[in-house]
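Have a look at the structure below, then the notes.
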Amino acid sequence: MMSELHINLSESLKSKPASDALGFGKYFSDHMFIMDYSSEDGWHDARIIPYGPISLDPSAMVLHYGQEVFEGMKAYRTPLGEIVMFRPDMNLKRLNNSCERISIPQVDPEFVLEAIAQLVKIDQEWIPDGEENALYIRPFIIATEAALGVRASREYMLMVILSPVGAYYPEGIHPVSIYVEEQYVRAVRGGTGEVKTSGNYASGIKAQEIAKTKGFSQVLWLDGKQHKYIEEVGSMNVFFKVNGEILTPALTGSILPGVTRDSVITLLREWGYTVVERVISIEELFEASRQGLLEEAFGTGTAAVISPIGSLSWGDKNTEISGGVTGELSQRLYDSITGIQRGKLADPFNWVYTVK
């Protein structure tokens, strides 16, 4: 399949940013991967070309009806100098699930993974130095047909861009304050909450802005029907340690099945913890806190890996969790997953993909 990938290298390479001033998604590497789709030819013209602007017709359907899906993953350099990615097969499987929901033609995950690996290899000098830094990989698909009819597009573009990113927590992981959102909702069952499409994130911005004006780092989303059951925290999956047991919202159709979420569940069960996936009401959680049974809470996702929750505010009720400091389990999970990702710990689950 890789014989179908055409490569056109840039003749003018960009200067690279300092590894201690990266931020997130501010800089982009020298090349990008593109592949086109038409109803007549299917996916075709796979190519790696110099990074740069793309041309879209003003009536491109993505601009009007939001037919778009995306993914996010990272590449790391191990202490032995190997370039690795963490569970990219899971991301591409989820990309195809998103495509199915948004009526976008699915891609060949093996070919796309090989193309991404080739792109990362070409731009490997963009993998930043630094203990917590990484090369962020953003695949996305947009509808490009020039038409205003409300229907599935007949033309698409798959792109992959790379961005060197810094540590999510430059000074180490620390607990954040969370506001329980009761007015706005992120998603409903039967909608698009269980896939990665841009509209999900656009609809969440307003509530996040309000939470920040109130002094909170992020919002805890409740279900869209009863505003009672916990779903996600910000754009992350969420876990609670209650009386020694680990609870996380079940994947009931409005929650994204996170790759880090799956990894955390696997590790916890390997360590002997009972992990229960079920609906969890906000009332139940605050009652557990009142009884002194809520021991830890944390979000999970690609960007931060583990994000400890130090406090929750729900209406006129407030609760501190784990004394407002990072809990022992949160820290252990963070250290274990990042250790596997970066080749510093053994990988008993075959999660690491080596770029060759």
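The values are calculated or read from the model by the stated rules, or taken from the named source; none is laboratory data. In this text, all values refer to a predicted model and were calculated from it rather than measured experimentally. Quick reminder, even Gly has a Cβ in these numbers, built from the backbone with ideal geometry, and neighbours come from all protein chains shown. The protein model used for the area step is the full one, side chains on, heavy atoms only, and it has no ligands, DNA or RNA in it. Shrake-Rupley method; radii C 1.70, N 1.55, O 1.52, S 1.80 Å.
T192 versus (1) in a loop (DSSP other than H, G, I, E, B); (2) within 16 Å of the chain's Cα centre (by Cα); (3) at pLDDT below 95: which is the lone unmet condition?
(3)
Just give me the residues in region 172-206 being farther than 30 Å from E328 by Cα and aliphatic (A, V, I, L, M), in sequence order.
Residues satisfying the conditions are V185, A187, V188, V195, A202, I205.
Evaluate the following for A147: is it in contact with a helix residue (DSSP H, G or I) (Cβ under 8 Å, 6 or more places away or on another chain), farther than 19 Å from G25 by Cα and either open to solvent by 20 Å² or more (accessible area, probe 1.4 Å) or touching a residue at least 40 places away in the same chain (Cβ under 8 Å) (or both)?
Here the answer is no, as A147 does not meet what is asked.
Name every residue in region 312-356 that is in a loop (DSSP other than H, G, I, E, B), charged (D, E, K, R), in contact (Cβ under 8 Å) with a residue 24 or more places away in the chain and over 25 Å from P79 (Cα atoms), in order of residue number.
Correct list: empty.
Does any residue of region 162-169 turn out to be modelled with pLDDT of 95 or more and either part of a loop (DSSP other than H, G, I, E, B) or surrounded by fewer than 17 Cβ atoms within 10 Å (Cβ to Cβ) (or both)?
Checked region 162-169: no residue is modelled with pLDDT of 95 or more and either part of a loop (DSSP other than H, G, I, E, B) or surrounded by fewer than 17 Cβ atoms within 10 Å (Cβ to Cβ) (or both).
For region 41-95, which fully contained strands (runs of 3 or more DSSP E) count at least 3 residues that are farther than 15 Å from E114 by Cβ and open to solvent by 20 Å² or more (accessible area, probe 1.4 Å)?
Output list reads 42-50.
I'm checking my understanding of the structure. Among residues of region 235-251 that are touching a residue at least 40 places away in the same chain (Cβ under 8 Å) and not in a strand (DSSP E or B), which one is surrounded by the fewest Cβ atoms within 10 Å (Cβ to Cβ)?
G244
Take the residues in region 106-144 that are over 28 Å from F24 (Cβ atoms) and of a type outside the set (S, T, N, Q), then tell me which one is surrounded by the fewest Cβ atoms within 10 Å (Cβ to Cβ).
In this case the residue turns out to be E110.
crowded, with 18+ Cβ neighbours inside 10 Å, among the aromatic types (F, W, Y) and over 18 Å from V185 (Cβ atoms) - does that describe any residue in region 221-228?
no
Within region 35-53, which residues are of a type outside the set (F, W, Y) and closer than 20 Å to K196 by Cβ?
The first filter runs over region 35-53 and keeps only residues of a type outside the set (F, W, Y), leaving 35-36, 38-42, 44-50, 52-53.
Of everything in region 35-53, just one residue is of a type outside the set (F, W, Y) and closer than 20 Å to K196 by Cβ, namely M35.
Among the residues of region 181-202 satisfying the criterion of being small (G, A, S) and more than 19 Å from G72 (Cα to Cα), which is most open to solvent (accessible area, probe 1.4 Å)?
Going through the qualifying residues, I end up with G190.
Restricting the search to region 140-189, which residues are over 16 Å from the mean Cα position of the chain (by Cα), more than 27 Å from I230 (Cβ to Cβ) and small (G, A, S)?
Scanning region 140-189 gives A143, A146, A147, G149, A152, S153.
Quick check on this structure: which one of E277, E295, E232 is of a type outside the set (K, R), buried (at least 21 other Cβ atoms within 10 Å of the Cβ), in contact with a strand residue (DSSP E or B) (Cβ under 9 Å, 6 or more places away or on another chain) and part of a strand (DSSP E or B)?
Answer to the check: E232.
Part of a helix (DSSP H, G or I), touching a Lys or Arg at 6+ places or on another chain (Cβ under 9 Å) and open to solvent by less than 20 Å² (accessible area, probe 1.4 Å): is that true of S254 in this structure?
no
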